[in-house]
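Asker: Questions regarding the structure given below will be posed in turn.
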């Protein structure tokens, strides 16, 4: 496909994706079906926490849901529990071993002042017959779900060697249609599992592409309130927001640098999108890509030295890498006629992309140092 023909096609794909994201209804249930975990998922049980009857949240249920939904753990269903452990006493590890688990989490809740609790948790190595972790988390009554996420993070890191992400938040745009047919676009944040949603900005104009700052205190996003797409940064603690991408042209796809001092943007001035880097303190704008192709969806490497982005300069959408200070762009993906929406693993080793191959669109990974594309999903 020629570049001139691929430009409207890529633009249409991006526009359609944006519309699909915007048309989500407030209150709609997002269901993610995990069809397959990793081979040899870790068998684990999360026993009922003692003292849970004094609290409104079931902390053990939060932990179980987090670990099970990660796809790396196989949690034992409660009907197969051989016992309900007594707080302060060791569990019957032989019985749990017979139940087929390698690890067990036990715990308890106890009052810690008005409206506060201490949540005690122990991770047991059932096969070795000893505890691996023994710690407590203090939390207000309304923050017990977060205590569960924090415990799940500790368990996840202990057993996988990787930092957990359960005690994090997500940002998204929801759409509310009023009885008169008008729409409101809601920028919302919530816990990683979708609980505790909160609206941080409400607009009659479309909102797109929310992105967290590295310190979790700010959101960058695209708003159409000025009549065209512009990028805003909002402080979550105060609600203060500021347009950071003034001037002519259309701004989109903001991505924070690891140090939180710069934003990578897709900026259209001459009719096509190119990748730019904006220094937030000075407002200085550095253009990285040039040409007639559509360059968009920038994402930073963890060390802040490079930016990955999607471009159709080869005739079809593929992923490229360019130095954050400028220079020639290097094509990264070659397998398949469509690779887009790159994201980089925290260690910078892996790149995740949306890949179009046989059977439809799929999620795939690629070693950033070179290597074959590995398809992870079945595309159905």
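Asker: Under 7 Å between Cβ atoms, at least 6 apart or on separate chains: pull out the pairs that start in the range 369-380 with a residue that is farther than 17 Å from residue 330 by Cα and end on any residue that is modelled with pLDDT under 85 and not in a loop (DSSP other than H, G, I, E, B).
Answerer: 375/357
Asker: Taking residue 166 as meeting all but one of (1) outside any loop (DSSP other than H, G, I, E, B); (2) surrounded by 16 or more Cβ atoms within 10 Å (Cβ to Cβ), write down the number of the exception.
Answerer: Condition not satisfied by residue 166: (1).
Asker: On to the next question. Those residues that are surrounded by 11 or more Cβ atoms within 10 Å (Cβ to Cβ) and over 20 Å from the mean Cα position of the chain (by Cα), I need them from the range 356-366; list them, please. Show your work before the answer.
Answerer: Applying the first criterion (surrounded by 11 or more Cβ atoms within 10 Å (Cβ to Cβ)) to the range 356-366 yields 356-357, 359-366.
Scanning the range 356-366 gives 356, 357, 359, 360.
Asker: Based on what the data block shows, is residue 267 part of a strand (DSSP E or B), assigned by TED's automatic domain parsing to the domain that holds residue 173, closer than 21 Å to residue 300 by Cβ and modelled with pLDDT of 95 or more? Spell out the reasoning first.
Answerer: On the way: part of a strand (DSSP E or B): yes; assigned by TED's automatic domain parsing to the domain that holds residue 173: yes; closer than 21 Å to residue 300 by Cβ: yes; modelled with pLDDT of 95 or more: no.
Taking the combined requirement at face value, the residue does not satisfy it.
Asker: Any chance you could count how many residues in the range 121-135 are surrounded by fewer than 22 Cβ atoms within 10 Å (Cβ to Cβ) and touching a residue at least 24 places away in the same chain (Cβ under 8 Å)? Reasoning before the result, please.
Answerer: If we filter the range 121-135 for residues that are surrounded by fewer than 22 Cβ atoms within 10 Å (Cβ to Cβ), which is where we start, we get 122-123, 125, 127-135.
Filter once more, keeping what is touching a residue at least 24 places away in the same chain (Cβ under 8 Å): 123, 127, 129, 132-133.
Here the count works out to 5.
Asker: Sticking with this structure for a sec: Determine which single condition residue 303 fails, assuming it passes every other condition in (1) within 22 Å of the chain's Cα centre (by Cα); (2) surrounded by fewer than 23 Cβ atoms within 10 Å (Cβ to Cβ); (3) closer than 23 Å to residue 232 by Cα.
Answerer: (3)
Asker: Given the conditions (1) buried (at least 20 other Cβ atoms within 10 Å of the Cβ); (2) within 30 Å of residue 280 (Cα to Cα); (3) within 17 Å of the chain's Cα centre (by Cα), and given that residue 232 satisfies all but one, which numbered condition is not satisfied?
Answerer: All conditions pass for residue 232, except number (3).
The values are calculated or read from the model by the stated rules, or taken from the named source; none is laboratory data. Just so you know, these numbers come straight off a predicted model, no measurement behind them. Heads up, the Cβs are rebuilt from the backbone with ideal geometry, glycines too, and the neighbour counts pull from every protein chain shown.
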